[in-house]
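Visitor: The structure that follows is given in the form of structure tokens.
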Amino acid sequence: MIDKMHVLNVIDEALAGSDKFLVDLKISTDNRINVAIDGDNGITIDDCIELSRTIENSLDRDEEDFELNVASAGLDSPLRLKRQYRKNIGRDLAVTTFDGESVTGRLTEADEDHIVVCPAGSRKAPAEPVSIAYGDIKTAKVVIHF
């Protein structure tokens, strides 16, 4: 089986010093490697190709066969890291907490402990900002407007 720590070290080294970062790494028992990356200024297909080649060159197919998929953490993917929240300040989020509360609104703040979401209100009844601790967030996704 592919050594997850080896792959993680290769990714960390490849992304060090850049605005890119690892969001998720999964390696299945049948050696399917799935890597999701993000960047403070976005991810291009070239970023994915470059990281894929770096990972592939660090592994030996003669030793173990594997399938490798490197992709950006898409807009429809849930946010997982504090860094992703900071990157998305100013965008609309749909947040669900572990206690079942749902809040949709503009992400206005993301610090080390919590986020602040300002739901849309009306002129007569402006909505109050909602502070949510990271530990209370079950899912948070960027709301895509067309």
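Computed from the coordinates by the stated procedures, all read-outs in this text should not be read as laboratory data. Model, not experiment: these values are computed from the prediction. Glycine gets a Cβ as well: all are built from the backbone with ideal geometry, and neighbour counts include every protein chain shown.
Visitor: Under the rule of at least 5 residues apart or a separate chain, name every residue whose amide H is placed under 5 Å from the amide H of Arg91.
Guide: Correct list: Leu107.
Visitor: Before anything else, pin down the relative contact order of the chain: Cα pairs under 8 Å, at least 6 apart, normalised by residue count, whole percent.
Guide: Rounded, it is 18 percent for the chain.
Visitor: Can you give the % of DSSP beta bridges in the stretch 4-72 that are antiparallel, to the nearest 5?
Guide: Roughly 55 percent of the beta bridges in the stretch 4-72 run antiparallel, per DSSP.
Visitor: When Ile55, Ile144 are ordered from fewest to most other Cβ atoms inside 10 Å of their Cβ, what list results?
Guide: The fewest-first ordering by Cβ neighbours comes to Ile144, Ile55.
Visitor: Residue separation times 0.36 nm, minus the C-alpha to C-alpha distance between Val130 and Asn31: what's the value?
Guide: 31.4 nm
Visitor: Roughly how many debye, to the nearest 20, is the charge dipole of the chain about its Cα centre, given +1 on each Lys and Arg Cβ, -1 on each Asp and Glu Cβ, and no other charges?
Guide: Using only the charged Cβ atoms, the result is roughly 980 debye.
Visitor: Roughly what angle does helix 45-58 make with the longest principal axis of the chain, taking Cα atoms, 0 to 90 degrees, to the nearest 10?
Guide: In the chain, helix 45-58 runs at an angle near 40 degrees to the longest axis.
Visitor: Moving on to the next point. Computed from the coordinates I sent, Cα Rg over 2.2 N^0.38 Å equals one of [x] 1.02; [y] 1.14; [z] 1.25. Tell me the label.
Guide: Checked against the structure: label [z].
Visitor: Only Lys, Arg, Asp and Glu count, each charged at its Cβ (+1, +1, -1, -1), so figure out the dipole size of the stretch 4-72 about its Cα centre, rounded to 20 debye.
Guide: 160 debye
Visitor: Please arrange His6, His114, His145 by counting, for each residue, the other beta carbons lying within 10 Å of its beta carbon, fewest first.
Guide: His145, His6, His114
Visitor: Per 0.36 nm of contour for each residue apart, how much would the distance between Val143 and Asp76 grow if the chain were fully extended, relative to their Cα-Cα spacing?
Guide: Gain on stretching Val143 to Asp76: 23.3 nm.
Visitor: Among DSSP beta bridges lying fully in the stretch 9-118, give the percent that are antiparallel, nearest 5.
Guide: 75 percent
Visitor: Between Phe98 and Asn69, with labels modelled 7 Å along Cα→Cβ, what's the label distance in nm to one decimal, could you check?
Guide: Output for this residue pair reads 2.9 nm.
Visitor: Let me ask something additional. So what is the 222 nm mean residue ellipticity for the chain from helices alone, if each DSSP H run of at least 4 adds -39500 (n - 2.57) and you divide by all residues, rounding to the nearest 500 deg cm²/dmol?
Guide: Rounded to the nearest 500, it is -6500 deg cm²/dmol.
Visitor: Quick one: Karplus J couplings for the stretch 10-25, per residue in order, coefficients 6.51, -1.76, 1.60, θ = phi - 60°, nearest Hz, x for Gly and Pro?
Guide: Couplings: 5, 5, 4, 5, 5, 8, 4, x, 10, 8, 8, 8, 7, 9, 7, 9 Hz.
Visitor: What's the exposure ranking of Lys141, Lys4, going from fewest to most Cβ atoms within 10 Å?
Guide: Ascending Cβ contact count within 10 Å gives the list Lys4, Lys141.
Visitor: In nm, to one decimal, how far is the modelled label at Asp60 from the one at Arg86, with both set 7 Å along Cα→Cβ?
Guide: About 4.0 nm, to one decimal.
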